[in-house]
There are 2 protein chains.
Amino acid sequence: MIESTIAAIRPPDEPAMVAAGELHGRLTKPAGSLGALEELSVRLAGLAGACPPPLPEPAAVAIFAGDHGVHAQGVTPWPQEVTAQMIGNFLAGGAVVNAFARQAGASVTVVDVGVATALPPAPPEVVGGPRLLAANVRRGTRDLTVTAALTRDEARAAVEVGIRVAGELVDAGARILLTGDMGIGNTTPAAALIAAFARVDPAAATGRGTGVDDPTYARKIDVVRAALARHAPDPADPLGVLAAVGGLEHAALAGLILGAAARRVPVLLDGVIAVSAALAAAAFAPDAVGAMVAGHRSAEPGATAALRHLGLDPLLDLGLRLGEGTGALLALPVVTGAVRVLHEVATFDSAGVAEK
Amino acid sequence: MIESTIAAIRPPDEPAMVAAGELHGRLTKPAGSLGALEELSVRLAGLAGACPPPLPEPAAVAIFAGDHGVHAQGVTPWPQEVTAQMIGNFLAGGAVVNAFARQAGASVTVVDVGVATALPPAPPEVVGGPRLLAANVRRGTRDLTVTAALTRDEARAAVEVGIRVAGELVDAGARILLTGDMGIGNTTPAAALIAAFARVDPAAATGRGTGVDDPTYARKIDVVRAALARHAPDPADPLGVLAAVGGLEHAALAGLILGAAARRVPVLLDGVIAVSAALAAAAFAPDAVGAMVAGHRSAEPGATAALRHLGLDPLLDLGLRLGEGTGALLALPVVTGAVRVLHEVATFDSAGVAEK
């Protein structure tokens, strides 16, 4: 399934991009005055192969949840059970991602791709409310300081979960997918993925996650360095990298991105977990970058390293470090606005406005 | 009216700010993980004197339009008639500000406070659609390189137009006001205002506006420098500065900001015209800064100088330089999201989520 998905990913459509650039020049505004929104709308025209590209509505957030064997190394002060407890919070609508999704009119799909502990009883599903998909590949990864986090087969299965979720959401009507994640400890494998794919030092790829203290931060960098030294992951073998030092939610997010790109639907990236997974997706299929929109610059330093490697400029830079898809949701109106301009704004001719 | 408005502006309410900070610590997210949104929500609690502060809904954009005698100096390649023509475009719903306002669910009010040429026939007003308020103080300013742009009485009348519009919009239910502007040539007086209030060199305060070429840009800087040399505006006398080197829309925007602050309603600032007016408002009443939210960092260099002087960090930085209120509208969901978190997110206790 990964191979056929990769084979379906195409480079951007040049004529659609040219048409979008020309249309911008005729709209009632000074040329270039919408800055990053103009570039974004041109990219999205190239992805869709159409000018204007479709409005990115409705939007769907997919939150992939997983746990991490490296939790045993003391890389975070939060108990592992919080992953499962937060799934309960997502399904009850009480998390920040729910508040932002309601505001943006986006659906929320929670995918258990690798939670280690028992999920709390789910509240009754409400039409249009958050829903849970059961797709547990393994009850958390192994400790990457001791052994590979996943077998290649497990990593492949998790990527395929993401591809399937992308397909289901697009089939159900979604015209943009937003990445979400939940997993206590998951900034540690994200840092390892970024160090491996973007070839940066573990100290530059590793951040304080939920806000760990100095000793924990030092330990976290040591853990990432040790994992890279032990596994020597090869960035030309993305499945191998995901298996060695990744997480189940990271692998599934890479699959979601590949699935979206294959369907020519944009995928709006959230924070450091998302961009670490995006590096894996780009290693699988370089043209997948054409489907990626960087929602924001996470406060995690690894996110900046990953975005630089991907050649993506983030839309927002608000010091966010929450995850869940929250930063992607805040950026969604910017993406929608960028496309809306090409649909709705009058031209100088049609509006009877003089040009300079 | 200016004096009584200034007298009604209060400093932020400390207990509400403390309560908002404490509430953030109990919500199901790592402390501080929403970055700039947490600071913003605390500021808005201080403005409202309540925790949580009211959701900023509904939102109202006020676009103040005016023309400029300095147009005669060749500071822009656009004909002056475009100001009036763009008002026609706003009322027909064809401009970028209209597309963004529809998306954000914001009303659009266009105020003719100083247009020089005849307005095109307005289309029939639609309920909930854009509307035009006639409040022309003068048919464009005088050329600030030759004489004061406005008399003190004219400047006062324009400020009062803004105060009145703020009051009407809040009375009609608006819980956040967004600044908009239209005026061919209006980045030149904005640069002069910024140079005067923020005490920066005209070269640092002046930008390329709609994208002028090198000779026009050099002329524009010379014009700003000459205006400051001629009038030597005193930043301690904001009405005098607005009269000497301002514009009618700049003065009205200063009034809108003062009016919003007096009603304890936030005002979301757009680009360089807005922040130049905000400097005047802050000179009238330093506590008015508590009502200001900087929507974005305009590509105009003067905007950055003004924001620094005001001590405001912008929410977006997307290279926008369109005006009309477009950047403020793009930032609105961030403001709403920041407040929504305090209203809707579950606490660790209520959600049964463990703390670290």
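The values are calculated or read from the model by the stated rules, or taken from the named source; none is laboratory data. Just so it is clear, the structure is predicted and the values come from calculations on it, not from any experiment. When we count neighbours, we look across all protein chains shown, and the Cβ atoms used for this are built from the backbone with ideal geometry, even at glycine. All accessible areas refer to the heavy atoms of the entire protein, side chains included, with ligands and DNA or RNA removed. Shrake-Rupley method; radii C 1.70, N 1.55, O 1.52, S 1.80 Å.
In region A:201-216, what residues are away from chain B (no Cβ under 14 Å) and open to solvent by 40 Å² or more (accessible area, probe 1.4 Å)? If the condition is that a residue be away from chain B (no Cβ under 14 Å) and open to solvent by 40 Å² or more (accessible area, probe 1.4 Å), then A:Asp201, A:Ala203, A:Ala204, A:Asp214, A:Pro215 are the ones that fit. Taking the criterion of being closer than 21 Å to B:Val289 by Cβ and open to solvent by 30 Å² or more (accessible area, probe 1.4 Å), the only residue of region B:20-35 that qualifies is B:Gly21. Within region B:279-300, if we keep just the residues that are part of a helix (DSSP H, G or I) and out of contact with any helix residue (DSSP H, G or I) (no Cβ under 6 Å at 6 or more places or on another chain), the residue that is most open to solvent (accessible area, probe 1.4 Å) turns out to be B:Pro286.
Can B:Asn98 be described as facing chain A (nearest Cβ under 7 Å) and either crowded, with 23+ Cβ neighbours inside 10 Å or under 20 Å from the mean Cα position of the chain (by Cα) (or both)? Here the answer is no, as B:Asn98 does not meet what is asked. Against the criterion of being under 15 Å from the mean Cα position of the chain (by Cα) and of a type outside the set (A, V, I, L, M), B:Gly290 qualifies.
Hey, does region B:72-84 have a residue that's assigned to a loop (DSSP other than H, G, I, E, B), touching a helix residue (DSSP H, G or I) at 6+ places or on another chain (Cβ under 8 Å) and among the polar types (S, T, N, Q)?
Of all residues in region B:72-84, those assigned to a loop (DSSP other than H, G, I, E, B) come to B:74-80.
Now drop any that are not touching a helix residue (DSSP H, G or I) at 6+ places or on another chain (Cβ under 8 Å), which leaves B:74-77, B:80.
Cutting the leftovers down to among the polar types (S, T, N, Q) gives us B:76, B:80.
Checked region B:72-84: at least one residue is assigned to a loop (DSSP other than H, G, I, E, B), touching a helix residue (DSSP H, G or I) at 6+ places or on another chain (Cβ under 8 Å) and among the polar types (S, T, N, Q).
The number of residues in region B:46-92 that are facing another protein chain (nearest Cβ under 8 Å) and under 23 Å from B:Glu168 (Cα atoms) comes to 2. In the set B:Arg321, B:Arg308, only one residue is more than 8 Å from every other protein chain (Cβ to nearest Cβ) and open to solvent by 30 Å² or more (accessible area, probe 1.4 Å); that residue is B:Arg308. Between A:Leu307, A:Leu318, A:Leu330, A:Leu342, the distinction of being in a loop (DSSP other than H, G, I, E, B) and of a type in the set (A, V, I, L, M, F, W, C) belongs to A:Leu318 only. Among the residues of region B:25-34, those identified as within 11 Å of another protein chain (Cβ to nearest Cβ) and either among the hydroxyl-bearing types (Ser, Thr, Tyr) or farther than 15 Å from B:Thr336 by Cα (or both) are B:Leu27, B:Thr28, B:Lys29, B:Pro30, B:Ala31, B:Gly32, B:Ser33.
Restricting region A:101-130 to residues that are assigned to a loop (DSSP other than H, G, I, E, B), within 12 Å of another protein chain (Cβ to nearest Cβ) and not small (Gly, Ala, Ser), the residue that is surrounded by the fewest Cβ atoms within 10 Å (Cβ to Cβ) is A:Pro121.
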